[in-house]
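Here the structure is laid out as C-alpha coordinates; the discussion comes afterwards.
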Amino acid sequence: MLPVVPDRVLVALGRTEGGPEALAFLARDQDTRRLLLLRAVLDAVAGADPALCPADARRRLLEDWALLEAADAAAVTNEPVGDMAPTGGPTGSPARARLLAPLVGAWAQRCLRGLGTDPARPGAPQRARELGRDLGHFSALAAAAAARAGLSFAARLTARDGLLVLPSLGALRTAAGDVAVEVVHRSGRLTMRQRGAADVVVHVERGTGAWSGAAAWTPAYALPGLTSGAPPTPLDDLDPYRWVQDSVHHLGLSGPASLDDAERKRWLHSWSGAAVELRLGGEQRLMEAVRLLRCLVPLAAPPGSEPGDCTGTCSGTRREAFGAVLSSAPHGPTVLAATLVHELQHTKLVALSEAVTLHRADGRNRYFAPWRPDPRPYDGLLQGTYSHLALADFFQRRALTLTRPADREAAWAEHARCREQVGAALPALVGSPDLTVPGRRFVDQMVAVFERLDEHPAPRGHAVRAQAYVGAARGLFSARRIPPTG
(Lines give C-alpha, C1' and ligand atoms only; values in the text may rest on other atoms or scores of the structure.)
Protein backbone atom coordinates (compact mmCIF):
# COMPACT_ATOMS: atom_id res chain seq x y z
CA MET A 1 0.00 0.00 0.00
CA LEU A 2 1.33 3.44 -0.93
CA PRO A 3 1.91 5.87 1.95
CA VAL A 4 -0.46 8.72 2.82
CA VAL A 5 0.89 12.23 2.19
CA PRO A 6 1.75 13.78 5.58
CA ASP A 7 0.07 17.14 6.18
CA ARG A 8 3.41 18.88 6.70
CA VAL A 9 4.54 17.65 3.27
CA LEU A 10 1.33 18.92 1.67
CA VAL A 11 1.77 22.32 3.32
CA ALA A 12 5.43 22.63 2.34
CA LEU A 13 4.69 21.74 -1.28
CA GLY A 14 1.73 24.13 -1.35
CA ARG A 15 4.23 26.91 -0.67
CA THR A 16 6.07 25.81 -3.84
CA GLU A 17 8.93 24.75 -1.61
CA GLY A 18 9.40 21.43 0.16
CA GLY A 19 12.47 20.59 2.20
CA PRO A 20 14.38 17.30 2.16
CA GLU A 21 11.45 15.38 3.70
CA ALA A 22 8.88 16.50 1.12
CA LEU A 23 11.20 16.01 -1.86
CA ALA A 24 12.29 12.59 -0.61
CA PHE A 25 8.63 11.60 -0.14
CA LEU A 26 7.83 12.47 -3.76
CA ALA A 27 10.87 10.61 -5.09
CA ARG A 28 10.16 7.46 -3.04
CA ASP A 29 6.52 7.47 -4.03
CA GLN A 30 7.35 7.85 -7.71
CA ASP A 31 10.00 5.12 -7.56
CA THR A 32 7.48 2.76 -5.97
CA ARG A 33 4.94 3.58 -8.66
CA ARG A 34 7.54 2.92 -11.35
CA LEU A 35 8.23 -0.56 -10.00
CA LEU A 36 4.49 -1.24 -9.88
CA LEU A 37 4.21 -0.03 -13.48
CA LEU A 38 6.96 -2.42 -14.56
CA ARG A 39 5.19 -5.22 -12.72
CA ALA A 40 2.06 -4.33 -14.68
CA VAL A 41 4.02 -4.63 -17.94
CA LEU A 42 5.28 -8.08 -16.95
CA ASP A 43 1.78 -9.21 -15.98
CA ALA A 44 0.29 -7.81 -19.19
CA VAL A 45 2.90 -9.64 -21.27
CA ALA A 46 2.16 -12.89 -19.45
CA GLY A 47 -1.53 -12.60 -20.23
CA ALA A 48 -1.28 -11.08 -23.71
CA ASP A 49 -2.91 -12.57 -26.78
CA PRO A 50 -0.28 -14.53 -28.76
CA ALA A 51 -1.24 -12.49 -31.83
CA LEU A 52 0.13 -9.43 -30.02
CA CYS A 53 2.93 -10.97 -28.00
CA PRO A 54 4.23 -14.35 -29.22
CA ALA A 55 5.71 -16.89 -26.84
CA ASP A 56 9.30 -16.07 -27.83
CA ALA A 57 8.76 -12.38 -26.94
CA ARG A 58 7.40 -13.37 -23.52
CA ARG A 59 10.31 -15.73 -22.98
CA ARG A 60 12.82 -13.05 -23.93
CA LEU A 61 11.29 -10.54 -21.51
CA LEU A 62 11.62 -13.04 -18.66
CA GLU A 63 15.25 -13.69 -19.62
CA ASP A 64 15.93 -9.94 -19.60
CA TRP A 65 14.31 -9.64 -16.18
CA ALA A 66 16.50 -12.45 -14.88
CA LEU A 67 19.58 -10.61 -16.19
CA LEU A 68 18.44 -7.47 -14.35
CA GLU A 69 18.00 -9.43 -11.13
CA ALA A 70 21.50 -10.89 -11.55
CA ALA A 71 22.88 -7.38 -12.11
CA ASP A 72 21.10 -6.16 -8.99
CA ALA A 73 22.60 -9.00 -6.94
CA ALA A 74 26.05 -8.46 -8.46
CA ALA A 75 26.03 -4.82 -7.38
CA VAL A 76 25.68 -5.96 -3.77
CA THR A 77 27.92 -9.03 -3.66
CA ASN A 78 30.68 -8.30 -6.18
CA GLU A 79 33.67 -6.01 -5.97
CA PRO A 80 33.65 -3.39 -8.77
CA VAL A 81 35.68 -4.28 -11.86
CA GLY A 82 38.06 -1.51 -12.88
CA ASP A 83 35.98 1.58 -13.62
CA MET A 84 32.83 -0.42 -13.11
CA ALA A 85 31.96 0.76 -9.62
CA PRO A 86 28.17 0.75 -9.52
CA THR A 87 26.95 4.32 -9.42
CA GLY A 88 23.35 4.12 -10.64
CA GLY A 89 20.59 6.52 -9.75
CA PRO A 90 18.12 6.77 -6.95
CA THR A 91 18.86 3.49 -5.16
CA GLY A 92 22.54 2.90 -5.99
CA SER A 93 22.07 -0.38 -7.86
CA PRO A 94 22.77 -0.13 -11.63
CA ALA A 95 19.78 -2.37 -12.33
CA ARG A 96 17.37 -0.30 -10.28
CA ALA A 97 18.90 2.92 -11.58
CA ARG A 98 18.09 1.79 -15.12
CA LEU A 99 14.52 0.86 -14.19
CA LEU A 100 13.95 4.12 -12.33
CA ALA A 101 15.48 6.32 -15.03
CA PRO A 102 12.85 8.84 -16.18
CA LEU A 103 12.48 7.69 -19.78
CA VAL A 104 11.82 4.07 -18.79
CA GLY A 105 8.44 5.33 -17.61
CA ALA A 106 7.67 6.55 -21.13
CA TRP A 107 8.73 3.14 -22.49
CA ALA A 108 6.57 1.23 -19.99
CA GLN A 109 3.47 3.32 -20.67
CA ARG A 110 3.88 2.81 -24.41
CA CYS A 111 4.22 -0.95 -23.89
CA LEU A 112 1.04 -1.06 -21.79
CA ARG A 113 -0.88 0.80 -24.48
CA GLY A 114 0.38 -1.67 -27.07
CA LEU A 115 -0.49 -4.65 -24.90
CA GLY A 116 -4.02 -3.30 -24.54
CA THR A 117 -4.61 -3.40 -28.30
CA ASP A 118 -7.56 -5.49 -29.49
CA PRO A 119 -6.06 -8.02 -31.95
CA ALA A 120 -9.33 -8.00 -33.94
CA ARG A 121 -9.32 -4.27 -34.63
CA PRO A 122 -7.97 -2.73 -37.85
CA GLY A 123 -4.32 -1.79 -37.58
CA ALA A 124 -3.63 -4.41 -34.89
CA PRO A 125 -0.88 -6.17 -36.92
CA GLN A 126 1.04 -2.90 -37.19
CA ARG A 127 0.63 -2.24 -33.45
CA ALA A 128 1.85 -5.79 -32.77
CA ARG A 129 5.01 -5.11 -34.78
CA GLU A 130 5.56 -1.85 -32.90
CA LEU A 131 4.99 -3.63 -29.59
CA GLY A 132 7.59 -6.23 -30.51
CA ARG A 133 10.15 -3.51 -31.12
CA ASP A 134 9.19 -1.75 -27.88
CA LEU A 135 9.56 -4.92 -25.82
CA GLY A 136 12.93 -5.48 -27.49
CA HIS A 137 14.19 -2.27 -25.89
CA PHE A 138 13.99 -4.00 -22.52
CA SER A 139 16.86 -6.22 -23.68
CA ALA A 140 19.01 -3.14 -24.16
CA LEU A 141 18.05 -1.86 -20.69
CA ALA A 142 19.01 -5.18 -19.12
CA ALA A 143 22.31 -5.35 -21.03
CA ALA A 144 23.27 -1.82 -19.98
CA ALA A 145 22.48 -2.54 -16.33
CA ALA A 146 24.45 -5.80 -16.40
CA ALA A 147 27.46 -4.08 -17.97
CA ARG A 148 27.36 -1.35 -15.33
CA ALA A 149 27.23 -3.99 -12.59
CA GLY A 150 30.34 -5.69 -14.00
CA LEU A 151 28.43 -8.84 -14.93
CA SER A 152 29.74 -11.07 -17.72
CA PHE A 153 27.07 -11.91 -20.28
CA ALA A 154 26.27 -12.40 -23.96
CA ALA A 155 23.05 -11.13 -25.51
CA ARG A 156 21.51 -10.78 -28.93
CA LEU A 157 20.03 -7.30 -29.37
CA THR A 158 18.40 -5.50 -32.29
CA ALA A 159 19.30 -2.09 -33.65
CA ARG A 160 16.15 -0.17 -34.56
CA ASP A 161 16.24 1.86 -37.76
CA GLY A 162 20.01 1.63 -37.78
CA LEU A 163 20.58 2.58 -34.13
CA LEU A 164 21.15 0.43 -31.04
CA VAL A 165 20.85 2.49 -27.86
CA LEU A 166 22.28 1.13 -24.61
CA PRO A 167 20.89 3.51 -21.97
CA SER A 168 23.57 5.34 -19.94
CA LEU A 169 26.30 3.88 -22.20
CA GLY A 170 25.73 5.18 -25.72
CA ALA A 171 24.50 4.21 -29.17
CA LEU A 172 25.82 2.10 -32.03
CA ARG A 173 25.04 3.10 -35.60
CA THR A 174 24.46 0.16 -37.91
CA ALA A 175 23.21 -0.42 -41.43
CA ALA A 176 19.71 0.86 -42.17
CA GLY A 177 16.70 -1.02 -40.88
CA ASP A 178 16.52 -3.47 -37.99
CA VAL A 179 19.90 -5.19 -37.53
CA ALA A 180 20.80 -8.05 -35.17
CA VAL A 181 23.77 -7.22 -32.93
CA GLU A 182 25.55 -9.71 -30.66
CA VAL A 183 26.76 -8.00 -27.48
CA VAL A 184 29.35 -9.64 -25.21
CA HIS A 185 30.56 -8.09 -21.96
CA ARG A 186 33.72 -9.12 -20.13
CA SER A 187 35.65 -7.12 -17.50
CA GLY A 188 34.30 -3.70 -18.37
CA ARG A 189 34.58 -4.18 -22.13
CA LEU A 190 31.65 -4.58 -24.51
CA THR A 191 32.19 -6.20 -27.89
CA MET A 192 29.42 -5.67 -30.44
CA ARG A 193 29.28 -7.83 -33.53
CA GLN A 194 27.05 -7.56 -36.58
CA ARG A 195 27.12 -9.29 -39.94
CA GLY A 196 29.13 -7.49 -42.60
CA ALA A 197 30.77 -4.96 -40.26
CA ALA A 198 33.85 -4.79 -38.07
CA ASP A 199 33.50 -5.51 -34.37
CA VAL A 200 33.03 -2.46 -32.17
CA VAL A 201 34.74 -2.56 -28.78
CA VAL A 202 33.43 -0.21 -26.10
CA HIS A 203 34.92 0.46 -22.64
CA VAL A 204 32.35 1.22 -19.95
CA GLU A 205 33.03 4.39 -17.97
CA ARG A 206 31.99 5.24 -14.44
CA GLY A 207 28.54 6.79 -14.08
CA THR A 208 27.56 7.74 -17.63
CA GLY A 209 29.12 7.01 -20.99
CA ALA A 210 31.44 4.50 -22.61
CA TRP A 211 34.35 5.24 -24.92
CA SER A 212 35.37 3.61 -28.16
CA GLY A 213 37.68 4.37 -31.03
CA ALA A 214 34.99 3.28 -33.50
CA ALA A 215 33.28 6.03 -35.46
CA ALA A 216 30.02 4.06 -35.29
CA TRP A 217 29.79 4.54 -31.52
CA THR A 218 28.37 7.67 -29.83
CA PRO A 219 28.87 7.77 -26.05
CA ALA A 220 26.13 8.91 -23.70
CA TYR A 221 26.85 12.28 -22.14
CA ALA A 222 26.24 13.75 -18.70
CA LEU A 223 26.71 17.20 -17.23
CA PRO A 224 28.75 17.38 -14.01
CA GLY A 225 27.03 17.44 -10.63
CA LEU A 226 25.08 20.63 -10.07
CA THR A 227 26.77 21.04 -6.69
CA SER A 228 29.77 19.44 -5.02
CA GLY A 229 28.92 15.82 -4.26
CA ALA A 230 25.82 15.78 -6.47
CA PRO A 231 25.67 13.05 -9.14
CA PRO A 232 26.10 13.91 -12.83
CA THR A 233 22.95 14.76 -14.74
CA PRO A 234 22.50 12.91 -18.06
CA LEU A 235 21.96 15.12 -21.10
CA ASP A 236 20.12 12.46 -23.07
CA ASP A 237 19.91 12.99 -26.82
CA LEU A 238 19.96 9.26 -27.65
CA ASP A 239 17.09 7.44 -25.91
CA PRO A 240 14.39 6.38 -28.40
CA TYR A 241 11.66 7.18 -25.84
CA ARG A 242 12.78 10.71 -25.04
CA TRP A 243 9.95 12.20 -27.12
CA VAL A 244 6.18 11.67 -27.18
CA GLN A 245 5.95 9.42 -30.20
CA ASP A 246 2.22 8.82 -30.42
CA SER A 247 0.40 11.72 -28.79
CA VAL A 248 -0.29 15.39 -29.40
CA HIS A 249 2.78 17.57 -28.98
CA HIS A 250 3.00 20.05 -26.16
CA LEU A 251 2.01 23.55 -27.23
CA GLY A 252 5.05 25.36 -28.61
CA LEU A 253 7.50 22.50 -28.13
CA SER A 254 9.91 21.51 -30.85
CA GLY A 255 11.12 17.97 -31.46
CA PRO A 256 14.11 16.17 -29.93
CA ALA A 257 17.63 17.29 -30.79
CA SER A 258 20.87 15.40 -31.34
CA LEU A 259 23.85 17.39 -30.10
CA ASP A 260 27.30 17.94 -31.55
CA ASP A 261 30.33 18.96 -29.49
CA ALA A 262 29.64 22.68 -29.90
CA GLU A 263 26.06 22.30 -28.69
CA ARG A 264 27.15 20.23 -25.71
CA LYS A 265 29.62 22.99 -24.76
CA ARG A 266 26.80 25.50 -24.97
CA TRP A 267 24.75 23.40 -22.57
CA LEU A 268 27.75 22.99 -20.28
CA HIS A 269 28.31 26.77 -20.18
CA SER A 270 24.75 27.40 -19.03
CA TRP A 271 24.78 24.46 -16.63
CA SER A 272 28.05 25.51 -15.00
CA GLY A 273 26.50 28.75 -13.76
CA ALA A 274 23.01 27.46 -13.03
CA ALA A 275 23.67 26.56 -9.37
CA VAL A 276 24.72 30.13 -8.56
CA GLU A 277 21.67 31.54 -10.33
CA LEU A 278 19.34 29.11 -8.60
CA ARG A 279 20.73 29.95 -5.17
CA LEU A 280 20.16 33.67 -5.79
CA GLY A 281 16.46 32.82 -6.08
CA GLY A 282 16.39 30.86 -2.83
CA GLU A 283 18.30 27.92 -1.44
CA GLN A 284 15.24 25.69 -1.83
CA ARG A 285 15.35 26.15 -5.62
CA LEU A 286 18.82 24.70 -5.77
CA MET A 287 17.82 21.88 -3.40
CA GLU A 288 14.87 20.77 -5.51
CA ALA A 289 17.00 20.77 -8.66
CA VAL A 290 19.64 18.59 -7.01
CA ARG A 291 17.11 16.18 -5.52
CA LEU A 292 14.52 15.92 -8.30
CA LEU A 293 16.25 16.47 -11.63
CA ARG A 294 17.35 13.10 -13.06
CA CYS A 295 17.96 13.94 -16.70
CA LEU A 296 17.75 16.71 -19.27
CA VAL A 297 16.41 15.99 -22.75
CA PRO A 298 17.61 18.53 -25.33
CA LEU A 299 15.05 19.85 -27.80
CA ALA A 300 15.52 21.62 -31.10
CA ALA A 301 15.16 25.40 -31.25
CA PRO A 302 11.58 26.66 -30.71
CA PRO A 303 9.29 26.66 -33.74
CA GLY A 304 9.66 29.84 -35.78
CA SER A 305 13.00 30.87 -34.28
CA GLU A 306 15.79 31.97 -36.56
CA PRO A 307 19.32 30.47 -36.60
CA GLY A 308 21.31 32.11 -33.83
CA ASP A 309 18.19 33.57 -32.22
CA CYS A 310 18.77 33.99 -28.48
CA THR A 311 15.41 35.40 -27.44
CA GLY A 312 13.67 32.33 -26.12
CA THR A 313 13.60 28.66 -25.30
CA CYS A 314 10.90 26.03 -25.07
CA SER A 315 10.65 23.48 -22.30
CA GLY A 316 8.33 20.91 -20.80
CA THR A 317 7.93 17.81 -18.65
CA ARG A 318 6.20 14.46 -19.13
CA ARG A 319 3.90 12.93 -16.54
CA GLU A 320 5.23 9.45 -17.19
CA ALA A 321 8.91 10.51 -16.94
CA PHE A 322 9.45 11.70 -13.35
CA GLY A 323 12.69 13.67 -13.05
CA ALA A 324 13.10 14.53 -16.74
CA VAL A 325 13.07 18.10 -18.04
CA LEU A 326 12.87 18.70 -21.79
CA SER A 327 14.36 21.96 -23.02
CA SER A 328 15.86 23.62 -26.04
CA ALA A 329 19.39 24.95 -25.54
CA PRO A 330 19.23 27.65 -22.83
CA HIS A 331 20.66 31.09 -23.50
CA GLY A 332 22.82 31.34 -20.40
CA PRO A 333 22.73 30.22 -16.77
CA THR A 334 19.92 32.57 -15.71
CA VAL A 335 17.54 31.26 -18.36
CA LEU A 336 18.40 27.66 -17.49
CA ALA A 337 17.85 28.31 -13.78
CA ALA A 338 14.41 29.82 -14.46
CA THR A 339 13.55 26.90 -16.75
CA LEU A 340 14.43 24.42 -14.00
CA VAL A 341 12.37 26.31 -11.43
CA HIS A 342 9.38 26.38 -13.77
CA GLU A 343 9.51 22.76 -14.91
CA LEU A 344 10.36 21.23 -11.55
CA GLN A 345 7.18 22.72 -10.11
CA HIS A 346 5.30 20.65 -12.68
CA THR A 347 7.34 17.63 -11.63
CA LYS A 348 6.44 18.20 -7.98
CA LEU A 349 2.76 18.84 -8.57
CA VAL A 350 2.28 15.88 -10.90
CA ALA A 351 3.95 13.59 -8.36
CA LEU A 352 1.85 15.01 -5.52
CA SER A 353 -1.35 14.69 -7.57
CA GLU A 354 -0.67 10.99 -8.03
CA ALA A 355 -0.26 10.55 -4.27
CA VAL A 356 -3.33 12.54 -3.20
CA THR A 357 -6.47 13.80 -4.97
CA LEU A 358 -6.39 17.59 -4.96
CA HIS A 359 -9.54 18.22 -7.00
CA ARG A 360 -12.33 16.45 -8.86
CA ALA A 361 -12.81 18.94 -11.68
CA ASP A 362 -13.57 17.70 -15.16
CA GLY A 363 -11.22 18.20 -18.07
CA ARG A 364 -13.16 20.88 -19.94
CA ASN A 365 -11.06 23.73 -21.33
CA ARG A 366 -12.80 26.80 -19.94
CA TYR A 367 -10.43 28.79 -17.69
CA PHE A 368 -8.43 31.90 -18.54
CA ALA A 369 -4.68 31.44 -18.05
CA PRO A 370 -2.68 34.64 -18.69
CA TRP A 371 0.31 32.67 -19.98
CA ARG A 372 -1.66 30.78 -22.64
CA PRO A 373 -3.82 31.93 -25.57
CA ASP A 374 -6.22 28.99 -25.23
CA PRO A 375 -8.65 28.09 -22.43
CA ARG A 376 -7.32 25.61 -19.91
CA PRO A 377 -8.86 22.82 -17.83
CA TYR A 378 -8.83 23.26 -14.06
CA ASP A 379 -5.85 20.95 -13.63
CA GLY A 380 -3.89 22.83 -16.29
CA LEU A 381 -4.72 26.12 -14.58
CA LEU A 382 -3.51 24.72 -11.25
CA GLN A 383 -0.29 23.50 -12.84
CA GLY A 384 0.44 26.80 -14.54
CA THR A 385 -0.43 28.94 -11.53
CA TYR A 386 1.75 26.81 -9.29
CA SER A 387 4.80 27.12 -11.55
CA HIS A 388 4.32 30.87 -12.09
CA LEU A 389 3.94 31.42 -8.35
CA ALA A 390 7.32 29.75 -7.82
CA LEU A 391 8.81 31.94 -10.57
CA ALA A 392 7.37 35.07 -8.96
CA ASP A 393 9.05 34.11 -5.70
CA PHE A 394 12.28 33.14 -7.48
CA PHE A 395 12.59 36.44 -9.35
CA GLN A 396 11.62 38.52 -6.33
CA ARG A 397 14.38 36.95 -4.25
CA ARG A 398 16.82 37.59 -7.09
CA ALA A 399 15.71 41.22 -7.39
CA LEU A 400 16.29 41.73 -3.67
CA THR A 401 19.76 40.14 -3.88
CA LEU A 402 21.30 41.23 -7.19
CA THR A 403 23.55 44.28 -7.15
CA ARG A 404 23.89 45.16 -10.84
CA PRO A 405 21.07 47.59 -11.73
CA ALA A 406 20.33 45.99 -15.11
CA ASP A 407 20.09 42.49 -13.60
CA ARG A 408 17.95 43.76 -10.74
CA GLU A 409 15.53 45.54 -13.06
CA ALA A 410 15.22 42.46 -15.28
CA ALA A 411 14.38 40.35 -12.22
CA TRP A 412 11.76 42.86 -11.03
CA ALA A 413 10.17 42.84 -14.48
CA GLU A 414 9.89 39.05 -14.49
CA HIS A 415 8.61 39.01 -10.92
CA ALA A 416 5.93 41.61 -11.63
CA ARG A 417 4.69 39.77 -14.72
CA CYS A 418 4.53 36.37 -12.97
CA ARG A 419 2.90 37.86 -9.88
CA GLU A 420 0.21 39.58 -11.93
CA GLN A 421 -0.46 36.40 -13.87
CA VAL A 422 -0.87 34.41 -10.65
CA GLY A 423 -3.18 37.07 -9.24
CA ALA A 424 -5.41 36.77 -12.29
CA ALA A 425 -5.64 32.97 -12.02
CA LEU A 426 -5.92 32.42 -8.26
CA PRO A 427 -9.60 33.41 -7.84
CA ALA A 428 -10.75 30.61 -10.17
CA LEU A 429 -8.62 28.10 -8.28
CA VAL A 430 -9.72 29.23 -4.83
CA GLY A 431 -13.39 29.50 -5.77
CA SER A 432 -13.71 26.03 -7.25
CA PRO A 433 -16.16 23.68 -5.49
CA ASP A 434 -14.18 20.78 -6.95
CA LEU A 435 -11.29 21.12 -4.52
CA THR A 436 -10.92 18.26 -2.05
CA VAL A 437 -9.95 18.90 1.56
CA PRO A 438 -6.22 18.31 0.82
CA GLY A 439 -6.61 20.43 -2.33
CA ARG A 440 -8.10 23.28 -0.34
CA ARG A 441 -5.19 23.06 2.11
CA PHE A 442 -2.74 23.10 -0.79
CA VAL A 443 -4.31 26.08 -2.58
CA ASP A 444 -4.58 28.03 0.69
CA GLN A 445 -0.80 27.74 1.02
CA MET A 446 -0.42 29.09 -2.50
CA VAL A 447 -2.54 32.08 -1.51
CA ALA A 448 -0.35 32.64 1.56
CA VAL A 449 2.78 32.75 -0.62
CA PHE A 450 1.08 35.13 -3.05
CA GLU A 451 0.17 37.48 -0.20
CA ARG A 452 3.70 37.27 1.17
CA LEU A 453 5.05 38.58 -2.12
CA ASP A 454 3.42 41.93 -1.35
CA GLU A 455 5.89 42.49 1.49
CA HIS A 456 8.38 43.56 -1.19
CA PRO A 457 6.41 45.04 -4.09
CA ALA A 458 7.98 45.61 -7.47
CA PRO A 459 8.77 49.17 -8.53
CA ARG A 460 5.63 50.88 -9.80
CA GLY A 461 6.70 50.98 -13.44
CA HIS A 462 7.15 47.23 -13.58
CA ALA A 463 3.84 46.64 -11.80
CA VAL A 464 1.93 48.90 -14.21
CA ARG A 465 3.42 47.21 -17.27
CA ALA A 466 2.61 43.78 -15.83
CA GLN A 467 -1.02 44.82 -15.22
CA ALA A 468 -1.29 46.06 -18.80
CA TYR A 469 0.20 42.81 -20.08
CA VAL A 470 -2.30 40.64 -18.24
CA GLY A 471 -5.16 42.98 -19.11
CA ALA A 472 -4.34 42.67 -22.80
CA ALA A 473 -4.15 38.89 -22.50
CA ARG A 474 -7.56 38.80 -20.81
CA GLY A 475 -9.08 41.05 -23.45
CA LEU A 476 -7.76 38.87 -26.26
CA PHE A 477 -9.02 35.73 -24.51
CA SER A 478 -12.50 37.23 -24.09
CA ALA A 479 -12.64 38.44 -27.69
CA ARG A 480 -11.85 34.98 -28.99
CA ARG A 481 -14.64 33.43 -26.95
CA ILE A 482 -17.39 35.88 -27.97
CA PRO A 483 -19.08 34.75 -31.20
CA PRO A 484 -19.29 37.46 -33.87
CA THR A 485 -22.69 39.13 -34.43
CA GLY A 486 -24.44 40.15 -37.61
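Solvent exposure of the chain amounts to 45 Å² per residue of accessible area, where only protein heavy atoms count and the probe is 1.4 Å.
First measure r as the distance between the Cβ atoms of residue 44 and residue 69, then evaluate 1/(1 + (r/R0)^6) with R0 = 22 Å and state the FRET efficiency to the nearest 0.05. Spell out each step's value before the answer.
Numbers: r = 19 Å, r/R0 = 0.88.
Efficiency, from the Cβ-Cβ distance: 0.70.
State the Cα centre-to-centre distance between segment 342-385 and segment 154-220 in whole Å. About 41 Å separates the Cα centre of segment 342-385 from the one of segment 154-220.
Dividing the summed -39500 (n - 2.57) terms of all DSSP H runs of n ≥ 4 by the residue count of the chain sets its mean residue ellipticity at 222 nm at -17500 deg cm²/dmol.
Given a 1.4 Å probe and heavy atoms of the protein chains only, how would you sort 451, 21, largest accessible area at the top?
Result of the area sort, largest leading: 451, 21.
Over the Cα atoms of segment 85-225, compute the convex hull volume and normalise it per residue, giving Å³. Provide the component values of the computation, followed by the final result.
Numbers: hull volume 16.3 nm³, N = 141.
It is 116 Å³ per residue.
Angle of helix 405-430 to the longest C-alpha principal axis of the chain, folded into 0 to 90 degrees and rounded to 10: 90°. Amide H contacts under 5 Å for residue 223: 233, 235, restricted to partners 5 or more places along the chain or on a different chain, H placed in the peptide plane at 1.01 Å from N.
Matching the structure-derived P(r) over Cα pairs in 20 Å bins from 0, in percent against the labelled list (i) 20, 44, 27, 8, 0; (ii) 22, 53, 23, 2, 0; (iii) 19, 45, 31, 6, 0 gives the label (ii). Rolling a 1.4 Å probe across all protein chains gives residue 388 an accessible area of roughly 20 Å². A Förster radius of 30 Å combined with the Cβ-Cβ distance from residue 112 to residue 269 puts the calculated FRET efficiency at roughly 0.15. Here each label is just a point 7 Å from Cα along the line to Cβ, and for residue 357 and residue 8 those points are 2.8 nm apart.
Counting only alpha carbon atoms, the long axis of helix 102-115 and the longest principal axis of the chain meet at about 70°.
Scalar couplings 3J(HN,Hα) for segment 334-341, obtained by applying the Karplus form with A = 6.51, B = -1.76, C = 1.60 to θ = phi - 60°, are 5, 5, 5, 4, 5, 4, 5, 4 Hz; x denotes Gly and Pro. Here residue 182 sits with roughly 80 square angstrom of accessible surface, probe radius 1.4 Å.
With respect to the chain, whose longest principal axis is taken over its alpha-carbon atoms, helix 261-280 is tilted by about 50°. Above 17 Å, the calculated P(r) of segment 14-61 contains 53 percent of its Cα-Cα pairs. The fraction of accessible area contributed by carbon and sulfur in the chain is 54 percent, rounded to a whole number (1.4 Å probe; ligands and nucleic acids excluded). Computed with a 1.4 Å probe over protein heavy atoms only, the accessible area of residue 161 comes to about 110 Å².
The values are calculated or read from the model by the stated rules, or taken from the named source; none is laboratory data. Keep in mind that what you see is a predicted model, and the values were worked out from it rather than measured. So basically every Cβ, Gly included, is an ideal-geometry build from the backbone, and we count neighbours across all protein chains shown. The area values use the complete protein model at the heavy-atom level, side chains included, leaving out ligands, DNA and RNA. Shrake-Rupley method; radii C 1.70, N 1.55, O 1.52, S 1.80 Å.
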